[in-house]
């Protein structure tokens with residue numbers, strides 16, 4: 001431009017030269033202004049429009065600005081990525097976490113909070129937490145100081161789970177609520193204390209009886225022989241009960257503390273079933289119709305333990321089936337699994353008892369089961385033995401119709417060789 | 001909802017909503033405790049339910065008073081007015097639910113005091129009771145979230161409770177015909193089942209009120225007459 005101006009000045013006189021200079025300046029000014037305007041416009045909608053390409057000072061500005069924007073973009077996506085992985089981590093935490101502000105409005109919550117407290121983001125953001133967690137006492141807990149013991153509650157009637165909530169102050173006004181599922185912990189705690197109480201009670205009852213008889217014997221020296229015999233018989237019944245209880249307790253504790261897996265000796269199921277049938281008939285004394293159906297191979301496992309587990313199921317069936325009922329013991333293979341089942345036409349078990357029936361001393365009807373001579377530990381022992389054989393126990397029952405106890409034994413514990421013997425037994 | 005509760009009016013309104021939902025939580029617990037008491041025969045629990053009904057009544061009086069004051073002082077309009085009107089109706093429904101809980105506790109106390117159970121229908125009553133509590137819970141949730149869709153779902157659930165109630169009724173009638181000694185107890189159980197069924201109806205009323213707040217449409221008795229849209 002300067003060259004053009006000089007040439008114009010030399011050729012047409014200085015005024016032409018100045019005119020060219022002035023024109024050039026105006027032109028440059030217009031260009032730069034336009035570039036600035038474009039830049040401003042593109043800054044307004046930076047997502048859709050790329051930065052304009054211009055030269056000169058503004059061009060430099062655009063280049064620097066572009067560099068800066070790219071740098072910030074990278075930073076932002078890094079932060080977003082971190083935030084995302086933080087959210088993912090927070091959602092993976094099994095404890096429910098909720099942040100509330102000074103007015104108890106929900107600021108943020110993780111996924112577990114949905115299951116524990118019924119808070120689901122983003123819909124519940126801004127809702128006052130007491131409107132969603134309405135359990136009486138919770139509002140008082142929230143307005144408390146925070147050094148109180150955790151708030152324990154059950155959110156739903158249909159799903160009996162227990163949660164504990166702790167409140168932790170975050171800064172001036174915000175607070176973090178942490179909820180944890182304490183169902184199991186509370187159940188175990190309750191079971192432990194119930195166990196001690198039960199053992200003491202179960203031992204105390206026969207002891208009281210024996211003690212009473214002994215006192216009676218020492219007070220009344222003059223007693224007929226029949227009376228004396230009657231007393232001794234009753235006392236020996238009670239001591240036998242205590243013995244079987246202690247035996248069961250010992251079995252249970254041995255099963256529990258034994259870390260060695262169940263042995264792998266081959267169990268002849270045909271023989272075992274025949275033995276179970278004989279025992280069952282002995283216990284029943286002809287009051288029930290007991291049948292055996294053996295249609296499966298031998299088993300690899302501990303004979304003593306399996307005998308005890310299956311025997312428990314059979315004796316339960318005999319005890320809880322009224323006279324004249326039918327009991328079927330069967331052993332077969334279904335879908336590759338060994339299925340041992342004992343079905344009876346007994347009184348059945350109400351649905352609410354089923355989940356707890358394998359607990360120690362859990363009884364559907366206290367008086368009745370002691371009458372029939374149970375220790376209350378049978379099914380607990382069965383469950384433990386089956387666990388040691390990687391098998392599980394399934395109970396189907398209907399009140400008034402009968403129950404079926406089924407042990408499902410994994411395929412690798414079946415030994416294929418013994419089929420023929422089983423068939424022979426069936427023919428008997 | 002997402003903005004901060006800055007205005008005093010909003011705060012007062014939210015306060016009433018929080019209180020009625022708290023009252024709902026108490027009523028829910030009352031019904032649950034009453035049904036549990038019925039199943040377990042825990043007389044202390046039943047007594048506690050009957051005693052705590054006063055608390056529910058206290059809530060009702062307080063919330064009613066607050067609604068009246070709010071209308072008088074703030075003259076709410078549109079959705080806010082609908083909210084206040086609906087809340088003063090919901091409060092009545094909740095109070096009735098509380099009465100039902102006390103009634104269930106009262107009748108089960110009578111059954112268990114009279115001695116052993118003759119009719120083995122415990123688990124059915126418990127089940128329908130849990131259904132009713134779930135419905136009430138759903139209705140209160142829809143009120144907390146102002147969720148008309150959830151409210152509609154709650155209204156749909158009432159059919160299941162009615163069906164379960166009828167099944168219990170039929171069963172009990174059979175028992176009474178078989179053995180007249182069960183009549184007095186069976187009648188008490190019918191009262192309990194009926195109370196539970198009424199809780200389901202009150203939950204439906206609450207859900208209908210939520211739809212009214214959100215959309216301005218009165219869906220009460222909507223099967224009898226077409227709903228009239230009254231958007232102020």
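The values are calculated or read from the model by the stated rules, or taken from the named source; none is laboratory data. Everything numeric in this text was worked out from a predicted model, so none of it was measured. Cβ coordinates were reconstructed from backbone atoms using ideal geometry, including for glycine residues, and neighbour counts include every protein chain displayed.
For the range B:5-14, which positions are in a helix (DSSP H, G or I) and more than 9 Å from chain A (Cβ to nearest Cβ)? Working first, answer last.
First, pick out the residues of the range B:5-14 that are in a helix (DSSP H, G or I): B:8-14.
Residues satisfying the conditions are B:8, B:9, B:10, B:12, B:13.
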Quickly run through the range A:294-303 and pick out the residues that are surrounded by fewer than 22 Cβ atoms within 10 Å (Cβ to Cβ) and within 32 Å of the chain's Cα centre (by Cα).
A:300, A:302
Members of the range A:88-112 found to be out of contact with any strand residue (DSSP E or B) (no Cβ under 8 Å at 6 or more places or on another chain) and touching a residue at least 60 places away in the same chain (Cβ under 8 Å), listed by number:
A:102
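Which residue, of B:65, B:48, B:55, B:60, is part of a helix (DSSP H, G or I), within 11 Å of chain A (Cβ to nearest Cβ), at pLDDT 90 or above and surrounded by fewer than 20 Cβ atoms within 10 Å (Cβ to Cβ)? Full working, then the answer.
Values: B:65 fails: within 11 Å of chain A (Cβ to nearest Cβ); B:48 fails: within 11 Å of chain A (Cβ to nearest Cβ); B:60 fails: within 11 Å of chain A (Cβ to nearest Cβ).
Result of the check over B:65, B:48, B:55, B:60: B:55.
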In the set A:131, A:125, which member is facing another protein chain (nearest Cβ under 10 Å), within 23 Å of residue B:23 (Cα to Cα), free of Cβ contacts under 8 Å to residues at least 60 places away in the same chain and not in a loop (DSSP other than H, G, I, E, B)?
A:131
Could you check residue A:136 against (1) closer than 28 Å to residue A:187 by Cβ; (2) surrounded by 11 or more Cβ atoms within 10 Å (Cβ to Cβ); (3) more than 7 Å from chain B (Cβ to nearest Cβ) and say which number it fails?
(3)
Could you give me the residue pairs with C-beta distances under 6 Å whose first residue belongs to the range B:74-100 and is surrounded by 19 or more Cβ atoms within 10 Å (Cβ to Cβ), whose second residue is not in a helix (DSSP H, G or I) wherever it lies, and which are 6+ apart or on separate chains?
B:84/B:76
Filter result (under 24 Å from residue A:288 (Cβ atoms) and surrounded by 19 or more Cβ atoms within 10 Å (Cβ to Cβ)) within the range A:324-340:
A:325, A:327, A:329, A:331, A:340
Go through the residues of the range A:165-183 one by one and say whether even a single one is away from chain B (no Cβ under 14 Å), without any contact (Cβ under 8 Å) to a residue 24 or more places away in the chain and crowded, with 16+ Cβ neighbours inside 10 Å.
yes
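Yes/no per residue for (1) at the interface with another protein chain (Cβ under 9 Å from one of its Cβ atoms); (2) outside any helix (DSSP H, G or I); (3) more than 18 Å from the chain's Cα centre (by Cα); (4) closer than 22 Å to residue A:185 by Cβ:
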{"residue": "A:113", "(1), (2), (3), (4)": "no, no, no, yes"}
{"residue": "A:116", "(1), (2), (3), (4)": "no, no, no, yes"}
{"residue": "A:152", "(1), (2), (3), (4)": "no, yes, yes, yes"}
{"residue": "A:156", "(1), (2), (3), (4)": "yes, yes, no, yes"}
Tell me, please, whether a residue that is more than 14 Å from chain A (Cβ to nearest Cβ), surrounded by 15 or more Cβ atoms within 10 Å (Cβ to Cβ), in contact with a helix residue (DSSP H, G or I) (Cβ under 6 Å, 6 or more places away or on another chain) and assigned to a helix (DSSP H, G or I) can be found in the range B:120-139.
no
Please indicate, with yes or no, whether at least one residue in the range B:143-152 is over 18 Å from the mean Cα position of the chain (by Cα), modelled with pLDDT under 90, within 14 Å of another protein chain (Cβ to nearest Cβ) and over 14 Å from residue B:204 (Cβ atoms).
no
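Considering only strands (runs of 3 or more DSSP E) fully contained in the range A:313-415, which possess at least 1 residues that are within 14 Å of another protein chain (Cβ to nearest Cβ) and in contact (Cβ under 8 Å) with a residue 12 or more places away in the chain?
Values: elements: A:326-334, A:337-344, A:392-398, A:402-409.
Ranges flagged: A:392-398.
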